[in-house]
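Chemist: To start, I am sharing the structure in question, which I have written as structure tokens.
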Amino acid sequence: MSYLLPQAPKYHHRKVNLYYLIEDMKSPWTLFVTSATLLLSLSLLPSCSISVGQRTTIEQAHQGQYMSPTLGGKLFTSAWMQRSAEYKALCQQAYNIATERLLAATSDPRNKGKKWAIVTDIDETIVDNSANSVHQALKGKDYEQASWDHWCDLSEAVALSGAVEFFRLADSLGVSIYYISNRDEVNKPGTKRNLIALGFPQIDEEHFMFRDASRSSDKTARRSAVLRSHEILMLLGDNLGDFDHIFDVRDEAKRDESVKAFAKEFGRRFIVLPNPNYGAWEPAMNGGYPKLEEKDAKLRTLLRSHR
């Protein structure tokens with residue numbers, strides 16, 4: 001059986017006035033076509049925004065200009081983190097592996113009496129902060145310390161799939177958990193509120209090891225402090241500097257070589273969480289932290305393409 005669609009109304013053979021238009025709008029097909037045409041016309045208007053309540057869902061910040069490739073990329077990676085099942089599956093996969101390692105170590109009679117510790121990063125390792133990246137990108141801005149501090153104070157980051165369950169299990173097995181983060185001391189109150197609300201265990205001063213006044217991103221000293229009283233069973237992070245300071249160099253080739261050197265540790269002692277939004281790979285690629293315009297220019301020259 002086949003169906004024929006009704007013909008859309010044609011007005012060219014007669015003068016179009018309000019009377020004829022109202023009469024034709026009585027047809028469902030005419031109403032559909034007219035509405036669709038109106039919506040299409042609106043969508044083609046420059047500098048147009050579509051809003052739901054007070055929230056703008058599509059916004060063109062500057063008429064006639066494209067969004068920065070860097071900021072557009074952060075929006076797209078944030079969309080993947082917030083909306084895709086694949087991101088959730090990868091996080092769950094990482095925590096499944098971590099759970100296997102945890103149970104194997106704590107159930108082995110040869111390890112009886114050991115003081116185990118797990119060292120974990122916070123951002124993009126146990127919680128998702130992509131909302132701040134979206135907030136900045138929609139304003140046409142890259143990362144800013146003031147915006148980040150405000151985001152931490154809001155205490156609205158969401159837990160990654162599998163994270164809360166894993167750390168609660170570790171806590172129940174008597175394993176100490178050390179949150180070694182490069183958030184600043186000023187961010188501690190908001191971070192504590194956030195993690196307590198999400199259900200993470202051992203949220204106290206002893207187990208919170210944030211960046212000090214030097215603002216150094218090197219976590220070696222803090223990991224060493226844990227090693228003075230515990231054996232580190234595993235480390236979790238989204239950035240390879242969460243595992244060893246050798247990865248903090250601004251040299252892509254050296255970072256790649258170090259991945260090969262530590263190849264056997266990934267999935268065993270090093271549990272890596274996916275973060276396409278930011279990380280030490282950016283200054284390694286860009287030679288530091290250049291201005292947004294320079295970042296955009298580098299993207300056009302550093303990435304592989306084809307003819």
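Chemist: When segment 253-280 is examined, which residues are found to be among the aliphatic types (A, V, I, L, M), outside any loop (DSSP other than H, G, I, E, B) and under 22 Å from Asp123 (Cβ atoms)?
Modeler: Across segment 253-280, the qualifying residues are Val259, Ile271, Val272.
Chemist: Looking at Ala137, Ala159 in this structure, which one is farther than 21 Å from Gly237 by Cβ and hydrophobic (A, V, I, L, M, F, W, C)?
Modeler: Of the residues listed, the single one that is farther than 21 Å from Gly237 by Cβ and hydrophobic (A, V, I, L, M, F, W, C) is Ala137.
Chemist: Further, regarding this structure: Pairs, please: C-beta under 9 Å, at least 6 apart or cross-chain, first residue free of Cβ contacts under 8 Å to residues at least 24 places away in the same chain and in segment 77-89, second in a helix (DSSP H, G or I)?
Modeler: Listed pairs, sorted by first residue: Ala79/Ser130; Ala79/Val134; Glu86/Trp80.
Chemist: Of the residues that make up segment 281-290, is at least one assigned to a helix (DSSP H, G or I), in contact with a Ser or Thr (Cβ under 8 Å, 6 or more places away or on another chain) and among the aliphatic types (A, V, I, L, M)?
Modeler: no
Chemist: Looking only at segment 292-307, how many residues end up being within 21 Å of the chain's Cα centre (by Cα) and of a type in the set (D, E, K, R)?
Modeler: Result for segment 292-307: 2.
Chemist: When Leu195 is evaluated against the numbered criteria (1) exposed (fewer than 13 other Cβ atoms within 10 Å of the Cβ); (2) touching a residue at least 24 places away in the same chain (Cβ under 8 Å), which criterion, by number, is the only one it fails?
Modeler: Of everything listed in (1) exposed (fewer than 13 other Cβ atoms within 10 Å of the Cβ); (2) touching a residue at least 24 places away in the same chain (Cβ under 8 Å), Leu195 misses just condition (1).
Chemist: Name the one entry in Ile203, Ile196 that is of a type outside the set (D, E, K, R), within 22 Å of the chain's Cα centre (by Cα) and over 18 Å from Asp149 (Cβ atoms).
Modeler: It is Ile196.
Residues are listed down the side, and each one gets a yes or a no for (1) closer than 25 Å to Val226 by Cα; (2) surrounded by 15 or more Cβ atoms within 10 Å (Cβ to Cβ); (3) in contact (Cβ under 8 Å) with a residue 24 or more places away in the chain:
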{"site": "Leu240", "(1), (2), (3)": "yes, yes, yes"}
{"site": "Asp251", "(1), (2), (3)": "no, no, yes"}
{"site": "Phe270", "(1), (2), (3)": "yes, yes, yes"}
{"site": "Tyr278", "(1), (2), (3)": "no, yes, yes"}
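Chemist: Right, next: State whether one or more residues within segment 234-251 are in a loop (DSSP other than H, G, I, E, B), of a type in the set (Phe, Trp, Tyr) and under 24 Å from the mean Cα position of the chain (by Cα).
Modeler: Within segment 234-251, one or more residues are in a loop (DSSP other than H, G, I, E, B), of a type in the set (Phe, Trp, Tyr) and under 24 Å from the mean Cα position of the chain (by Cα).
Chemist: Looking only at segment 280-297, which residues are within 17 Å of Met67 (Cβ to Cβ) and surrounded by 16 or more Cβ atoms within 10 Å (Cβ to Cβ)?
Modeler: Correct list: Lys295, Asp296.
Chemist: Okay, next question. Might you check whether a residue that is surrounded by fewer than 19 Cβ atoms within 10 Å (Cβ to Cβ) and within 22 Å of the chain's Cα centre (by Cα) occurs anywhere in segment 163-171?
Modeler: Yes: one or more hits.
Every number here is computed from the coordinates shown, using simple stated rules; none is lab data. Please read all numbers here as calculations on a predicted model, not as lab measurements. Here Cβ is always computed from backbone atoms with ideal geometry, including for glycine, and neighbour counts include all displayed protein chains.
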